[in-house]
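J.: Dropping a structure here in structure tokens format, bear with me for questions.
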Amino acid sequence: MDAALAALDFCELIDMAAYDRRKAGNTRPVERKAEVKDGRKQCTLLRGGYDIVYVRDVDPGHTALRNDGAVVDLGGVKAYQIESHREGGISGCAITVPVSFLRAVRFEIGSASRGKDCGLLRDFATAGAAKLPRDLVYPPDGQDSARVGACANWVSNSKGENCDPAVDAPVPTGAERILAAGAADPNVECAVFRDAVKKVYGPEFEPIATPGSCYFVEPRHRLQIEAGATANGGAPGEWLADPHRTFKDHRQVSFSGNPGVTLRDKDESELLIYVSPFGDLDSRGHVRLLLVTERERGVDEWPRSRAIPMVDVAKAHAVMELVMVTHFRVTR
């Protein structure tokens with residue numbers, strides 16, 4: 001892969017036929033300028049000395065863009081697209097084509113381009129991707145990172161070494177046994193919540209197991225759910241007390257007869273629900289559901305509202321009610 005990129009003429013990736021389709025009658029001469037910056041190749045399409053489009057070899061630090069970009073198909077080649085929005089208008093676009101787990105070729109709209117939308121850049125990126133060796137690129141459904149299955153949708157800086165798609169695990173009977181099993185195996189925590197999340201939020205939310213937590217993730221990254229049932233966690237009353245006043249809207253609630261608390265962070269981007277299956281908010285151990293809004297894949301928007309929509313708040317309450325009535329029904 002390194003040798004293939006070293007031999008690649010990056011200016012050939014800027015297709016002049018794509019430019020001719022998009023120049024809209026502008027007859028000013030253009031040129032492609034090849035450069036090496038920080039040891040990495042790039043080429044810029046210039047008109048009157050100003051950049052219209054550029055393409056570059058990006059370093060492993062850009063692998064996070066695969067977490068942020070919407071997956072797009074460039075004529076059979078997998079890529080990630082991010083359109084930037086500022087103050088309600090479109091301000092730019094970038095398309096990243098992975099060529100290994102760590103490396104990628106990035107196409108981006110230049111500052112002098114009249115059009116900033118991704119439709120313009122897609123023409124260049126599709127034509128450029130067609131010129132990359134087939135053994136460098138990935139098909140649209142290809143695995144282009146170390147993350148396996150649904151772990152590719154986990155919003156995290158992790159490379160995926162501490163994430164696995166959740167596997168079926170039996171849920172014991174009785175609160176103490178469930179919380180003990182959940183503390184030992186996050187797959188049990190996922191199993192406790194799997195049916196309820198699927199019923200309320202839909203099948204696009206898939207469970208993954210990480211050390212100490214289960215998450216339900218979805219391809220758009222609009223919302224991420226952490227779910228747990230563990231004997232190791234603190235008592236729900238600790239979050240209700242919140243001595244450092246980290247959160248707001250502290251409320252004491254009940255789910256299927258089990259006492260719980262709900263609270264939100266200051267910008268309302270997180271909702272926290274902790275429930276005691278032992279009838280006492282001060283008893284150690286809890287069942288929890290944490291919702292966090294994330295930046296939707298493919299859109300870099302500023303400013304953006306981070307508040308969790310009320311419909312998702314209502315769904316979170318419905319999930320917890322289903323979990324408690326299914327696995328922790330009060331019989332005392």
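J.: Quick one: Debye curve from the alpha-carbon atoms of the chain only, equal weights, vacuum; give me log10 I(q)/I(0) at q = 0.07, 0.08, 0.09, 0.13 Å⁻¹ to two decimals.
T.: -0.39, -0.49, -0.59, -0.94
J.: A further question follows. Can you order the peptides 241-248, 89-96, 255-262, 36-43 by their average number of other Cβ atoms within 10 Å per residue, highest first?
T.: 255-262, 89-96, 36-43, 241-248
J.: Near K23, which lysines are there with a Cα under 23 Å away, not counting those fewer than 8 places off in the same chain?
T.: Excluding near neighbours in sequence, the set is K33, K116, K131.
J.: How would you rank F101, F107, F205, going from fewest to most other Cβ atoms within 10 Å of each one's own Cβ?
T.: F101, F205, F107
J.: Under the Karplus relation 6.51 cos²θ - 1.76 cosθ + 1.60, θ = phi - 60°, what is the ordered set of whole-Hz ³J(HN,Hα) values for the stretch 291-297, x standing for Gly and Pro?
T.: 10, 9, 7, 10, 6, 5, 4
J.: Check which residues have an amide H placed less than 5 Å from A104's amide H, if you skip close sequence neighbours.
T.: V58, V99
J.: A follow-up question, please. Answer with one residue from C43, A112, S158: the one whose Cα lies farthest towards the positive end of the charge dipole of the chain, charges on Cβ with Lys, Arg +1 and Asp, Glu -1.
T.: A112
J.: Per DSSP H run of at least 4 residues, take -39500 (n - 2.57); add these up for the chain, divide by its residues and hand me the 222 nm value, nearest 500 deg cm²/dmol. Each step should come with its number before you reach the end.
T.: Working: 8 runs with 79 residues, N = 332.
When only DSSP H runs of four or more count, the value is -7000 deg cm²/dmol.
J.: Treating the beta-carbon of each Lys and Arg as +1 and of each Asp and Glu as -1, no other charges, what is the dipole magnitude of the chain about its Cα centre, to the nearest 20 debye?
T.: 720
J.: Percentage of Cα-Cα pair distances in the stretch 89-152 greater than 19 Å, rounded to whole percent?
T.: For the stretch 89-152, the fraction of Cα-Cα distances above 19 Å is 41 percent.
J.: Also, I was wondering about something else. Would you mind estimating how fast the stretch 225-279 diffuses translationally, via Stokes-Einstein at 20 °C and 1.002 mPa s with the Kirkwood radius over Cα pairs, in µm²/s?
T.: 183
J.: Roughly how many whole Å is it from the C-alpha centroid of the stretch 65-88 to that of the stretch 237-268?
T.: Here the answer is 37 Å between Cα centres.
Every number in this text was worked out from the coordinates using simple rules, so none of it is lab data. No experiment lies behind these values; they were computed from the predicted model shown. Glycine gets a Cβ as well: all are built from the backbone with ideal geometry, and neighbour counts include every protein chain shown.
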